[in-house]
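Asker: This is the structure, below, for whatever I ask next.
The values are calculated or read from the model by the stated rules, or taken from the named source; none is laboratory data. These numbers come from a predicted model, not from an experiment. Backbone-built Cβ (ideal geometry, glycine too); neighbour counts: all protein chains shown.
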Amino acid sequence: MGGGGTAYLTGYEAAFINPANLAVPDKSTRFSIGIGTAAGFFAPVMSVGSASRQFQAYKNYLDAHQPEATAITASEKQLILDRNYPKGRSRSEHQHRMDLILGGIQWRQGDRAFSLTARTRFSTRTEVGRGWYDETFEDLDSSTSVRDMSLFQQSQFLHEFSFGYGQTFDFVSGLIPRVGKLYIGIAPKFILGGSYLDLQYDARYWFTDEMDQPLFTRSFSYRSTGNFSGATRHYTANGDPSAAVQRHFPSSFQQDFSDYTTPTGMGGGLDFGLVYVLTLGDDLSLAHSGNTQPIEKSLRLGFSVTDLGFVSYNENPRSLDHARDTTLTPFAAASGQKYEGSPGQYLSFFDEVPDLNPFQFNQVGRSDDSPERPFKAVLPTSFNAGMLLQVNRLKLAADLTLGLNDSAFNNTKLIAHFGMEFAPVKPVPIRLGAQVATDSPTLWSLGTGIVMKHWELSAGAQFLSPRGSPALNLSGAAVGGLTFHF
């Protein structure tokens with residue numbers, strides 16, 4: 001359905017998207033339990049055609065960084081520039097994400113509903129300046145040119161335990177003359193944070209018509225926990241990125257990833273939502289309080305605020321800072337690596353350019369007498385709005401999502417989701433969707449499932465449409481797991 005769900009999703013998973021949907025009577029049963037819902041998404045710097053090559057690229061990303069796995073030729077470098085840096089764009093953004101709902105239950109009592117859900121999610125988001133792949137300068141205005149050498153990476157593991165509650169908002173519903181109801185929902189959650197990385201390297205060469213040679217402006221901020229902190233500490237002490245990566249990150253796809261998921265902090269969050277359901281035509285399913293008759297014809301309007309809260313990290317924290325300065329720095333050659341954000345790659349990437357390496361700046365860490373002080377990180381808060389038009393077996397959905405902060409899971413760009421579900425055979429829905437965002441490739445999704453009265457399962461896939469290419473590359477997959485209804 002395009003990745004949305006503010007007005008569409010009604011299972012126990014809704015606690016993380018819009019808790020008000022928990023109370024919407026979308027099924028004739030009162031109790032649901034499910035396990036094993038999983039979804040993954042991978043948007044590489046350089047998309048490849050076949051699913052097997054895409055899987056190999058994803059495997060290389062999960063493994064501890066190996067320079068030979070990210071080495072690129074001159075033609076590949078040009079392909080990266082053409083697809084990720086169209087004229088006027090100085091940075092390219094990429095994300096790799098995995099979500100796993102370990103289990104959840106949902107039950108209804110009259111016009112109220114409750115849920116208990118456990119989820120683990122991980123994401124890495126990177127932004128890479130064009131200057132790492134191209135030595136030419138781009139015109140900023142009529143007299144100034146720049147070469148963007150910025151590099152941003154945010155990685156975060158979160159274990160969440162959510163309690164959701166939704167009910168009819170009778171005070172408003174009673175004032176509405178038509179057959180419609182307003183639902184309100186809230187879902188506080190306890191959070192354990194695994195390994196964390198927030199690297200902000202804002203740097204660029206620039207010169208004007210009056211200058212004889214370019215200047216280099218830079219600032220650096222770094223926060224980490226877990227094995228990211230261990231690898232960084234090892235590198236700054238010994239100067240060997242390969243040894244730091246091999247010691248602190250899993251070196252094969254089969255190895256245990258507990259180093260990432262071991263808690264290094266804890267915190268709390270809150271998801272809140274509203275949804276207004278207006279039944280259409282002869283659908284009177286909402287006419288009586290506590291009725292569990294499924295809604296078949298309706299217009300739903302939803303709004304939610306998700307991930308309000310923070311995580312306080314205090315196990316193996318690491319903080320490094322460098323205030324913005326301007327200096328004369330030797331001109332760096334374009335990198336021979338593509339930057340994917342694989343574990344530890346940031347150390348190897350910077351080590352190739354000693355004059356730009358933020359971990360070797362003389363002032364790093366001196367702004368704070370305790371670089372191992374605990375710190376707090378806000379959750380990836382976002383505003384979500386959506387609508388769903390349902391007429392029997394046809395559902396049309398549209399969502400808008402706006403992140404309030406840059407994090408591993410989202411950014412501050414507006415994202416639009418569009419989806420359609422149609423059931424030519426009642427138990428087997430066909431789902432289509434698209435996701436559109438500024439300066440990002442369009443994502444297309446296709447899914448299906450089996451929806452019976454007392455159980456259901458679903459699966460789907462997502463495809464990326466690279467700029468300048470007619471091909472669709474597999475970029476994500478989801479499995480709904482088994483859900484039982486009673």
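Asker: From the residues in the range 439-454 that are within 27 Å of the chain's Cα centre (by Cα) and in a strand (DSSP E or B), which one is nearest to V128 (Cα to Cα)? Walk me through how you get there before you give the answer.
Answerer: Within the range 439-454, the first condition is being within 27 Å of the chain's Cα centre (by Cα), and the residues that meet it are 439-449.
Remaining after also requiring in a strand (DSSP E or B): 443-449.
Working: L443: 21, W444: 24, S445: 26, L446: 30, G447: 32, T448: 36, G449: 38 Å.
Here the residue is L443.
Asker: Given the conditions (1) surrounded by fewer than 18 Cβ atoms within 10 Å (Cβ to Cβ); (2) in contact (Cβ under 8 Å) with a residue 40 or more places away in the chain; (3) assigned to a helix (DSSP H, G or I), which single one is not true for F228?
Answerer: Looking at each condition in turn, F228 falls short on (1).
Asker: Here's another thing I want to ask about it. Only one of T412, T401 is modelled with pLDDT of 90 or more, surrounded by fewer than 16 Cβ atoms within 10 Å (Cβ to Cβ) and within 26 Å of L151 (Cα to Cα). Can you tell me which? Give the derivation first.
Answerer: On the way: T401 fails: surrounded by fewer than 16 Cβ atoms within 10 Å (Cβ to Cβ).
Being modelled with pLDDT of 90 or more, surrounded by fewer than 16 Cβ atoms within 10 Å (Cβ to Cβ) and within 26 Å of L151 (Cα to Cα) holds for just one of T412, T401, which is T412.
Asker: How many of the residues making up the range 18-57 are of a type in the set (V, I, T), under 25 Å from P294 (Cβ atoms) and either surrounded by fewer than 24 Cβ atoms within 10 Å (Cβ to Cβ) or more than 17 Å from the chain's Cα centre (by Cα) (or both)? Outline the logic, then answer.
Answerer: Of the residues in the range 18-57, the ones of a type in the set (V, I, T) are 24, 29, 33, 35, 37, 45, 48.
Restricting the remaining residues to those that are under 25 Å from P294 (Cβ atoms) gives 24, 29, 33, 35, 37.
Then keep just the ones that are either surrounded by fewer than 24 Cβ atoms within 10 Å (Cβ to Cβ) or more than 17 Å from the chain's Cα centre (by Cα) (or both); that gives 24, 29, 33, 35.
The number of residues fulfilling the criteria is 4.
Asker: Related question: Quick one: D406 ticks every box in (1) at pLDDT below 90; (2) within 30 Å of Y205 (Cα to Cα) bar one, so which box is it?
Answerer: Answer for D406: the failing condition is (1).
Asker: Still on this structure: Of these, T126, T37, which one is within 17 Å of Q154 (Cα to Cα), touching a residue at least 60 places away in the same chain (Cβ under 8 Å) and hydroxyl-bearing (S, T, Y)? Lay out the reasoning, then the answer.
Answerer: Working: T37 fails: within 17 Å of Q154 (Cα to Cα).
From the options T126, T37, the qualifying one is T126.
Asker: So which of I101, I186 is surrounded by 23 or more Cβ atoms within 10 Å (Cβ to Cβ) and not hydroxyl-bearing (S, T, Y)?
Answerer: Numbers: I186 fails: surrounded by 23 or more Cβ atoms within 10 Å (Cβ to Cβ).
Going through I101, I186 in turn, the sole match is I101.
Asker: Residues being in contact with a Leu (Cβ under 6 Å, 6 or more places away or on another chain) and buried (at least 22 other Cβ atoms within 10 Å of the Cβ): count how many of those fall in the range 378-398.
Answerer: Total meeting the criteria: 1.
Asker: Could you please give the count of residues in the range 1-58 that are more than 16 Å from Q109 (Cα to Cα), hydrophobic (A, V, I, L, M, F, W, C) and in contact with a helix residue (DSSP H, G or I) (Cβ under 8 Å, 6 or more places away or on another chain)? Explain how you work it out, then say what you get.
Answerer: Keep residues of the range 1-58 that are more than 16 Å from Q109 (Cα to Cα), which gives 1-9, 13-18, 34-58.
Filter once more, so that each one left must be hydrophobic (A, V, I, L, M, F, W, C): 1, 7, 9, 14-17, 35, 38-39, 41-43, 45-46, 48, 51, 55, 57.
Now restrict to residues that are in contact with a helix residue (DSSP H, G or I) (Cβ under 8 Å, 6 or more places away or on another chain): 7, 9, 14-15, 42, 45-46, 48.
Residues flagged as more than 16 Å from Q109 (Cα to Cα), hydrophobic (A, V, I, L, M, F, W, C) and in contact with a helix residue (DSSP H, G or I) (Cβ under 8 Å, 6 or more places away or on another chain) within the range 1-58 amount to 8.
Asker: Could you look through the range 468-486, keep only residues that are in contact (Cβ under 8 Å) with a residue 40 or more places away in the chain, part of a loop (DSSP other than H, G, I, E, B) and surrounded by 15 or more Cβ atoms within 10 Å (Cβ to Cβ), and pick out the one that is farthest from the chain's Cα centre (by Cα)?
Answerer: Let us first name the residues in the range 468-486 that are in contact (Cβ under 8 Å) with a residue 40 or more places away in the chain, namely 468-469, 471, 473-486.
If we keep only those that are part of a loop (DSSP other than H, G, I, E, B) too, we end up with 468-469, 471, 480-481, 486.
Narrowing further to those that are surrounded by 15 or more Cβ atoms within 10 Å (Cβ to Cβ): 469, 480-481.
Details: S469: 24, G480: 18, G481: 21 Å.
Only one residue fits best here, namely S469.
Asker: When the residues of the range 290-331 are filtered to those that are assigned to a loop (DSSP other than H, G, I, E, B) and in contact with a helix residue (DSSP H, G or I) (Cβ under 8 Å, 6 or more places away or on another chain), which remaining residue is surrounded by the most Cβ atoms within 10 Å (Cβ to Cβ)? Steps first, answer last, please.
Answerer: Initially, the range 290-331 is screened for residues assigned to a loop (DSSP other than H, G, I, E, B), giving 290-296, 314-317, 328-331.
Cutting the leftovers down to in contact with a helix residue (DSSP H, G or I) (Cβ under 8 Å, 6 or more places away or on another chain) gives us 315-317.
On the way: E315: 15, N316: 19, P317: 21.
Ranking the candidates gives P317 first.
Asker: Just to be sure before I move on: is A38 small (G, A, S), more than 30 Å from T136 (Cα to Cα) and touching a Leu at 6+ places or on another chain (Cβ under 7 Å) in the structure I sent?
Answerer: On the way: small (G, A, S): yes; more than 30 Å from T136 (Cα to Cα): yes; touching a Leu at 6+ places or on another chain (Cβ under 7 Å): yes.
It is true that A38 is small (G, A, S), more than 30 Å from T136 (Cα to Cα) and touching a Leu at 6+ places or on another chain (Cβ under 7 Å).
Asker: With (1) touching an Asp or Glu at 6+ places or on another chain (Cβ under 6 Å); (2) closer than 24 Å to A385 by Cα; (3) modelled with pLDDT under 95 as the list, and H417 as the residue in question, which single condition is left unmet?
Answerer: (3)
Asker: Taking L116 and the conditions (1) within 23 Å of F190 (Cα to Cα); (2) buried (at least 18 other Cβ atoms within 10 Å of the Cβ), which numbered condition does it fall short on, given that it satisfies the others?
Answerer: (2)
Asker: Output the residue which, of all residues in the range 102-118 that are charged (D, E, K, R) and assigned to a strand (DSSP E or B), is farthest from F486 (Cα to Cα). Don't jump to the end; show me each part of the working.
Answerer: Filtering the range 102-118 down to residues charged (D, E, K, R) leaves 108, 111-112.
Retained after the next criterion (residues that are assigned to a strand (DSSP E or B)): 108, 112.
Working: R108: 11, R112: 17 Å.
That would be R112.
Asker: Out of all the residues in the range 55-91, which are in a strand (DSSP E or B) and under 28 Å from Q246 (Cα atoms)?
Answerer: If we filter the range 55-91 for residues that are in a strand (DSSP E or B), which is where we start, we get 71, 91.
The one that is in a strand (DSSP E or B) and under 28 Å from Q246 (Cα atoms): A71.
Asker: Please enumerate the residues belonging to the range 71-95 that are small (G, A, S) and either under 27 Å from F409 (Cα atoms) or surrounded by 13 or more Cβ atoms within 10 Å (Cβ to Cβ) (or both). Give the derivation first.
Answerer: If we filter the range 71-95 for residues that are small (G, A, S), which is where we start, we get 71, 74-75, 88, 90, 92.
Once the filter is applied, which keeps residues that are small (G, A, S) and either under 27 Å from F409 (Cα atoms) or surrounded by 13 or more Cβ atoms within 10 Å (Cβ to Cβ) (or both), the range 71-95 yields A71, G88, S90, S92.
Asker: Within the range 136-179, restricting attention to residues that are of a type outside the set (G, A, S), within 31 Å of the chain's Cα centre (by Cα) and assigned to a loop (DSSP other than H, G, I, E, B), which residue is modelled with the lowest pLDDT?
Answerer: Top of the filtered list is L140.
Asker: Suppose we keep only residues that are small (G, A, S) and not in a helix (DSSP H, G or I) within the range 119-135. Which one would you say is surrounded by the fewest Cβ atoms within 10 Å (Cβ to Cβ)? Walk me through how you get there before you give the answer.
Answerer: First, the residues of the range 119-135 that are small (G, A, S): 123, 129, 131.
Now restrict to residues that are not in a helix (DSSP H, G or I): 123, 129.
Details: S123: 20, G129: 23.
Per the criteria, the residue is S123.
Asker: Please determine whether any residue of the range 267-277 is at pLDDT below 95, surrounded by 19 or more Cβ atoms within 10 Å (Cβ to Cβ) and either on the phi > 0 side of the Ramachandran plot or in a loop (DSSP other than H, G, I, E, B) (or both).
Answerer: no
Asker: From the list A69, A39, A74, which residue is of a type outside the set (F, W, Y) and over 23 Å from A333 (Cα atoms)?
Answerer: Numbers: A69 fails: over 23 Å from A333 (Cα atoms); A74 fails: over 23 Å from A333 (Cα atoms).
Result of the check over A69, A39, A74: A39.
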